[in-house]
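Working notes, structure below.
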Amino acid sequence: MTRHTRRLTAAAVIAGVSLLATACATTSGSGAAPDTASEEPAAPAEGRVAVAYENGIAVLDGTSLEVVDTFETEEFTRLNPFGDGRTIAVTTSKGFQILDTGAPELTDLVFEAAAAGHVVVHEGKTVLYDDATSETTILDTDVFAGGYDSLPEGETHRSEAAHHGVSIVLEDGTLLTTVGDETARSGAVALHAHDDHWDELASSDECPGIHGEGTAAGEAVIFGCEDGALLFHDGAFEKFTAPDEYGRMGNAYVSETSPIVVGDYKSDPDAEGYLLNAVTLIDTAAHTYEVVELPDEVQYTYRDVVRGPEDLAYILSTDGQIHVLDPETGEIVDAFPVVEAWEGPAEWQDPHPTIKVNGDIAYVTEPASNAVHAVDLTTGETVATVELDAAPNEIAVALG
């Protein structure tokens, strides 16, 4: 394993970027599981799991993986936890359609969006982003606590130019939103609501191709760039520069109890396919950025990395194993087989093995066998499996 380390202490860059605003509020991050080391396999986490396949969605019992119900839908949909432990926002051509995994029911409630994009959950807020308009919709995460009788209204904020972006609201109300247009994306801006307008707190134009986000311990927010990463913390932006001229991070895998962000990494802009063989490790407390090249057998896509027990990173590789990465050292410390070996997808939307985590349990899809597995990450044992009638594509746990 090769490690490229670069310690950076860049000051925040303030640039003049104005946004047309109409309202706001939200944030992001995925929590890590508690530290457990039981000798016995843990039962799969309670709750429901949604699985998308061609023209349909199945709702599974989180413990047995038995199919509770199925629903017809569009050919390709994406699944996003709403954050309340029950609701899933289903990305469709009409917008974000609400799936109640409790009933279960694919409701008629749709937050309209011409190009439904990222869904971010953090600190009691759920944020929806429309790429076609760069409109952010901010909702209370518990907005469906009283039922699914009507579509709730949220606050909205619209950026000056439409782009594939994302918005986050921190605990103090600061809105972070990406900046770009139909031709390029350049950075992010931090805003604070004031009466009927937004005051700009800070901005950065040092993040070409800005994509994705993640919130680490202490509300340290990371965005991926085509030449490194962009951190927002304590009211200021800080740029981390990749060791390669092209060093793209597009997805951040985080724990709100760890300051270290694990990101995907691509250094060849002309590389074919979607498989990756390196990760970034960004310590938001120490302000360090490094790239770790993984062993040759460890190849993954953006769907194949999660954080789990002990804040470790779990990488579902093409060799069919989950490889356990210690973010503190950058070393692979364990591996265990879960699925048969697989090849990378021809297109990013194509079904290929995917991993999601809830507590000590990872839910893993295996499209080649139409299967979904529940894996105890503390032991490496597969504790439940179900075979569906179609190849599973996306998967989401109704996290609370």
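Observations on the model:
- Only one of the numbered conditions (1) crowded, with 17+ Cβ neighbours inside 10 Å; (2) touching a Phe, Trp or Tyr at 6+ places or on another chain (Cβ under 9 Å); (3) not in a strand (DSSP E or B) is not met by Val339, and that is (2).
- Residue pairs whose Cβ atoms lie under 8 Å apart, sitting 6 or more positions apart in sequence or on different chains, and linking a residue in region 96-107 that is of a type in the set (Ser, Thr, Tyr) to a partner that is in a loop (DSSP other than H, G, I, E, B), are Thr101/Gly47; Thr101/Arg86; Thr101/Ala398; Thr107/Tyr148.
- Test result for Gly124, of a type outside the set (Ser, Thr, Tyr) and surrounded by fewer than 20 Cβ atoms within 10 Å (Cβ to Cβ): yes
- Subset of region 349-367 [under 12 Å from Gly47 (Cβ atoms) and of a type in the set (Val, Ile, Thr)]: Ile361
- Any chance Thr107 is over 14 Å from Leu128 (Cα atoms) and among the β-branched types (Val, Ile, Thr): yes
- Among the residues of region 110-160, the one identified as among the basic types (Lys, Arg) and under 20 Å from the mean Cα position of the chain (by Cα) is Lys125.
- Unique residue being buried (at least 18 other Cβ atoms within 10 Å of the Cβ), touching a Lys or Arg at 6+ places or on another chain (Cβ under 8 Å) and acidic (Asp, Glu) when the list is Glu213, Glu206: Glu206
- The one condition from (1) free of Cβ contacts under 8 Å to residues at least 60 places away in the same chain; (2) among the small types (Gly, Ala, Ser); (3) part of a loop (DSSP other than H, G, I, E, B) that Ala285 does not meet is (1).
- Tyr302 being part of a loop (DSSP other than H, G, I, E, B), within 15 Å of the chain's Cα centre (by Cα) and either surrounded by 24 or more Cβ atoms within 10 Å (Cβ to Cβ) or of a type in the set (Phe, Trp, Tyr) (or both): yes
- Residues located in region 33-61, provided they are at pLDDT 95 or above and outside any strand (DSSP E or B): Glu54, Asn55
- Qualifying residue in region 174-182 (condition: under 24 Å from Asp227 (Cβ atoms), of a type outside the set (A, V, I, L, M) and at pLDDT below 95): yes
- Residue satisfying all of: in region 103-146; touching a strand residue (DSSP E or B) at 6+ places or on another chain (Cβ under 7 Å) and among the small types (Gly, Ala, Ser); nearest to Gly83 (Cα to Cα) among these: Gly124
- Residue within region 225-232 that is surrounded by fewer than 24 Cβ atoms within 10 Å (Cβ to Cβ), closer than 21 Å to Asp131 by Cα, of a type outside the set (A, V, I, L, M) and out of contact with any Asp or Glu (no Cβ under 8 Å at 6 or more places or on another chain) present: yes
- Out of Lys266, Lys239, sole residue that is charged (D, E, K, R), touching a Leu at 6+ places or on another chain (Cβ under 7 Å) and under 30 Å from Val364 (Cβ atoms): Lys266
- Checking each residue in region 353-378 for being part of a loop (DSSP other than H, G, I, E, B) and within 17 Å of the chain's Cα centre (by Cα) picks out Pro353, Thr354, Gly359.
The values are calculated or read from the model by the stated rules, or taken from the named source; none is laboratory data. Fair warning: this is a prediction, and the values are worked out from it, not measured in the lab. Quick reminder, even Gly has a Cβ in these numbers, built from the backbone with ideal geometry, and neighbours come from all protein chains shown.
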